[in-house]
Amino acid sequence: MQDFEVKAYPEMWHELNMDVERFDKARQMLGGAYTKIFLSQANRPQKMAYFDEMISEIFGGRVKELMQAKKEGRPVVGTFCVYIPEEIVVAANGICVGLCGGSPGSIPDAEKILPRNICPMVKSAFGFKAGRICPYFQVVDFVYGETTCDAKKKTWEILDRLVPTYVMEIPQMKKERDRTLWLEEVKDFKAKIEAVSGKTISSEQLAEAIKILNGKRQALQRLTKLRAANPAPISGKDALLIEQIAFYDEPVRFAAKVNELCDELDARAAKGEGILPKSALRVMVSGTPMALPNWKIHNLVESAGAVIVNEESCIGTRYFKDLITEGSLDMEKQLAALTDRYMRIDCSCFTPNDERVTQVLKEYKDSAAQGIIHYSLQFCHTYNIEEIKIREACQREGIPYLSIESDYSPDDVGQLQTRIEAFLEQVEG
Amino acid sequence: MDIGIDLGSRALKMAVFDGDELLECRMVESGFTPHQQAEELLKGLKPHRVIATGYGRHLAHKNFASGVITEIKAHSLGARYFFPQAMTILDVGGQDSKVITLNREGKVVNFQMNDKCAAGTGRFLEIMAASLGYTLAEFGPMALSSDHEAPINSMCTVFAESEVISLKNHGVPAADIARALHLAVVSRLVGMVRRMEESATLVFTGGVARNPAIVSLLQERLGVEVFVPSLPEHAGAVGAALHARTL
Ligand code: SF4
Ligand code: SF4
């Protein structure tokens, strides 16, 4: 195993007004976990080196880039949800960074203020800001929040005290008038970004931004397709990691690096080479987002000898399955096309949301999986309830199915391990 | 000779097969170093294969076992050994409880496990028996002797224990308290079984299946026939041994 370290930049962290001492412990732990979970894998694609580097520089290099961008007057927006119209930020020469919300370490900070029985992702993210232990949170101009679930919606009001939080209203249904509302919100958001950057967004800039983000989403689509090969050319853990990095890396560079990796995977698939033997069981995960550094389910499943071949999740296909129609230079039409794309996101916050059930079954087929694990964060009511419909659909289709509800604590790891192994025995038949 | 070992949270169980014949079953407490205890149990035996199951299965695999299966699979195989028609299996052990549904061929189609909590497990009964001053063996028959349960509201082991103390101090007969505690466990188990596919019978395995009050209350509340194997606590070990035979 090579020497791996998440690099430290204490001076810069001071400059960002962070709790440096505490943060440094978290940094060391992240490095340890990463070594154990990722670098211990045999047969890893060589082009994963770039993504390893991204983790090694997660608290340094990328943060520096953001600080530099800010100095140049470019807006830097912290995000939590795939409903952020990234194209608008990029059109203004700005940057979106997905904020981390996948660690148990920041939850005690959040629980000093927030109720304990809400989604761990919301608590974890809030805790990163409250404890001043995330450089990204420190660097952003403002945080983009949205009215999706209640936990987030109400947390924004409290978070706004610590960092400016701009909230967009996301409709809860998909009727024509909901689309109209969303379009209005998109326009308001554009005005907001223009106010922050002090420049008007031109239709040429928006067209360019649409192209850039389509390119990033296409690269991720390509990676997903490659995972359908048997044997799978890449582990689920590595693919998940890339999907997580997608939220904070520079989009053009990221797309190029994902495509380079895909070239390597293409060659692997052509030779019939894989990360595990052909006989390894193939599992798809569906459900709530898995924010950095939440690798819990993937680690458990792959430690039991199976391979994860798809994530039907916001950190996964929900982020990149849909593209925006390109070609128009008419701002009204561009914003309408953008709205249409975002209205296709099948988050469980919508009702009804049967598109998601169809999508899960489609991805199951496309990825040549042999079973589905539904993963829902604890206290996420919308996904936990929608789980019923996914379960029924799997029963109807005869798809082996396991539902897991879990938070970030290690308490349930033993039990989850047994349940996952039993599920794999079931898939094996 | 094939051996199955079930390294449970409270006890180690071992089943020895010679061909089709179940030669013997042994059980000891898990102790502090279960896998060493298990190696002790195996002394003098010359098995072809040892398959481990239960909490300690991976540790056993590292040390001496040739393979592992989960408790889910082990109890399914074990239940079918005693009752070849078994479709729904309830296993209640020291620290967890589970319900398993099989198809006609005996393959697992669905299963459920309790939350990370002692409620609805053998451990709950053990602590409650002790708080009333009885042994586990006395506790079940004692509950059966009452037909009137005292009010117990909490399923949490800690809170239930303090409720027991307060009932005792109010002069409520011990048998009534015992019945209420058994019912508390049974209502948890009934909830788990009800979430699964319906079935007219239930095979009940694990050490708690030896408790006559749990069996009778389960039967009454679920309205299904409950079958208990002759060696309920060994179902997992038997299942593991049967799996060893197929390798
Ligand atoms: S699950 Fe819904 S609310 Fe959460 S990130 Fe995804 S789209 Fe946003
Ligand atoms: S996982 Fe669920 S509860 Fe958590 S932020 Fe997303 S929608 Fe809200």
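The values are calculated or read from the model by the stated rules, or taken from the named source; none is laboratory data. As the structure is a computational prediction, the values presented were derived from the model and not from experiment. Positions of Cβ are backbone-derived with ideal geometry, glycine not excepted, and every protein chain shown enters the neighbour counts. Calculation scope for accessible area: heavy atoms of the full protein, side chains included, ligands and nucleic acids excluded. Shrake-Rupley method; radii C 1.70, N 1.55, O 1.52, S 1.80 Å.
Details
- Check: the protein assembly as shown dipole with +1 on Lys, Arg Cβ and -1 on Asp, Glu Cβ, in debye: 480
- Potential extension, A:V413-A:D340 segment - 0.36 nm per residue separation minus Cα distance: 22.2 nm
- With 10 Å² as the minimum drop in accessible area between chain alone and full protein complex (1.4 Å probe), the qualifying residues in segment B:88-131 are B:K107, B:V108, B:V109, B:N110, B:F111, B:M113, B:N114, B:K116.
- Using a Förster distance of 25 Å, the FRET efficiency for A:E57-A:K225 (Cβ separation, nearest 0.05): 0.30
- Per-residue ³J(HN,Hα) for segment B:31-44, Karplus 6.51 cos²θ - 1.76 cosθ + 1.60, θ = phi - 60°, Hz, x for Gly and Pro: x, 7, 10, x, 5, 6, 4, 5, 5, 4, 4, 7, 4, x
- Two-site label geometry, B:L247 and A:S40: point separation in nm, points 7 Å out along Cα→Cβ: 2.2
- Overall, segment A:10-146 carries a charge dipole of about 340 debye about its Cα centre when +1 sits on the Cβ of Lys and Arg and -1 on the Cβ of Asp and Glu, all other atoms neutral.
- Surface share of carbon and sulfur [accessible, 1.4 angstrom probe, percent] for segment A:276-321: 62
- Farthest toward the positive end of the dipole of segment B:82-176, out of B:L167, B:L90, B:M142, is the Cα of B:L90, where the dipole comes from beta carbon charges about the Cα centre.
- Apportionment of accessible area to carbon and sulfur, segment A:71-127, percent (1.4 Å): 53
- Accessible area (Å², per residue) of segment A:358-397, counting only protein heavy atoms and a probe of 1.4 Å: 50
- Charges were assigned to the Cβ only: +1 to each Lys and Arg, -1 to each Asp and Glu. The resulting dipole of chain B about its Cα centre is roughly 600 debye.
- Extreme residue, positive dipole direction of segment A:7-138, given options A:G127, A:L66, A:V77 (C-beta unit charges): A:G127
- For segment A:237-276, the residues whose backbone nitrogen is under 13 Å from a point 7 Å from the Cα of A:Q218, taken along Cα to Cβ, are A:255-256, A:259.
- Shown in residue order for segment B:58-64 are the 3J(HN,Hα) couplings computed by the Karplus curve 6.51 cos²θ - 1.76 cosθ + 1.60 at θ = phi - 60°: 6, 5, 5, 5, 5, 9, 8 Hz (x for Gly and Pro).
- Taken along the Cα-to-beta-carbon direction at a fixed 7 Å, the label points for A:S279 and A:K175 span 5.7 nm.
- Cut-off 18 Å (backbone N to label point 7 Å along Cα→Cβ of A:K112), residues of segment A:148-181: A:158-163
- Scanning residues 5 or more positions from B:S30 or on other chains, those with amide H under 5 Å from its amide H are B:A11, B:L12, with H placed 1.01 Å from N in the peptide plane.
- Sulfur and carbon atoms: percent of accessible area, segment A:164-256 [1.4 Å]: 54
- 5 angstrom amide H check on B:F227, placed H, neighbours 5+ away: B:L202, B:V203, B:F204
- Over chain B, accessible surface divided per residue gives 44 Å², non-protein components excluded, 1.4 Å probe.
- Segment A:172-309 - accessible surface per residue (Å², probe 1.4 Å): 37
- Peptides B:149-159, A:300-310, A:123-133, B:80-90 ordered by packing proxy, namely the average of other Cβ atoms within 10 Å per residue, highest first: A:123-133, A:300-310, B:80-90, B:149-159.
- Within 10 Å of the Cβ of each residue in A:410-421, the mean number of Cβ atoms contributed by other protein chains is 4.
- For B:50-62, mean number of other protein chain Cβ atoms within 10 Å: 1
- A simple rule links phi to the HN-Hα coupling: the Karplus curve 6.51 cos²θ - 1.76 cosθ + 1.60 with θ = phi - 60°, which for segment B:215-223 gives 4, 6, 5, 4, 4, 5, 6, 8, x Hz, with x for Gly and Pro.
- Span from the segment B:1-55 Cα centroid across to the segment A:259-307 one, whole angstrom: 36
- Computed over segment A:234-302, the ratio Rg/Rh where both radii use C-alpha atoms and Rh is Kirkwood: 0.99
- Summed residue charge, Cβ within 14 Å of A:S403's Cβ, Lys/Arg positive, Asp/Glu negative: -3
- Gaussian network model of chain A, Cα within-10 Å springs - most flexible of A:K211, A:K237, A:K278: A:K278
- Cβ-defined net charge surrounding A:V167, 11 Å radius [Lys, Arg +1; Asp, Glu -1]: -2
- Surface burial for B against A, with a 1.4 Å probe and both sides summed, reaches about 1300 Å² of accessible area.
- Separation of the A:Q28 and B:Q219 label points, Cα + 7 Å toward Cβ, nm: 6.1
- For the protein assembly as shown, the Kirkwood estimate of the hydrodynamic radius, built from every pair of different alpha carbons, is 27.4 Å.
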